[in-house]
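The values are calculated or read from the model by the stated rules, or taken from the named source; none is laboratory data. What you see is a predicted model, and the numbers here were worked out from it, not measured in a lab. Because the Cβ atoms are built from the backbone with ideal geometry, glycine has one as well, and the counts that use them run over all protein chains shown.
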Amino acid sequence: MENLSDIYDRLYQEAKDIFDRNDPCRFENGLCRRERENKENGFGIEPFCCCNGKHFPSQNNEEGTHCKHFIEGSGCSVKSLSCITWICDSDYFVNKKDVQRLYEIEDEALSYGLFFPRFSKEETMESLTKIF
Ligand code: SF4
Ligand code: SF4
């Protein structure tokens, strides 16, 4: 029987596979698709500057700093289920069914209490042991 850690890994892997096969962020010269579009349209890229090209804007968090898991130059350093399900624009996905599945994965993660924005898997598991 699956425990919460197994469920986390399964959902994360499925979401990651969806990202990998759709490649929504399409980095070129260090800029993601959203950043390139913003630049072309004369907007700043800051508000959409996402960590590691995938997920969750890395602009200031509550403490006024970048996410602690973000490493300049290499991006996200952890496995984060909440972040892997995030995308700035569903139109960037080739397969719309995959977008729907990402939303379902997010719902599933929420239903198991595994959805903590910007939390690593370890932090998520730790929070659960404090709650229960
Ligand atoms: S999800 Fe993040 S990295 Fe991907 S296109 Fe959007 S802002 Fe860029
Ligand atoms: S945990 Fe999320 S917000 Fe933090 S660096 Fe990783 S992907 Fe970005």
Next item on the list: Could you tell me whether segment 87-98 includes any residue that is at pLDDT below 75, within 16 Å of ligand 2 (Cβ to nearest atom), under 17 Å from Phe119 (Cα atoms) and surrounded by 11 or more Cβ atoms within 10 Å (Cβ to Cβ)?
Entry: no
Next item on the list: Say whether the condition of being within 13 Å of the chain's Cα centre (by Cα) and either crowded, with 17+ Cβ neighbours inside 10 Å or modelled with pLDDT of 90 or more (or both) is met by at least one residue in segment 25-46.
Entry: yes
Checklist line | Filter result (in contact (Cβ under 8 Å) with a residue 12 or more places away in the chain, away from ligand 1 (no atom under 12 Å from the Cβ) and either of a type in the set (S, T, N, Q) or in a loop (DSSP other than H, G, I, E, B) (or both)) within segment 84-105 | finding: Val94, Asn95
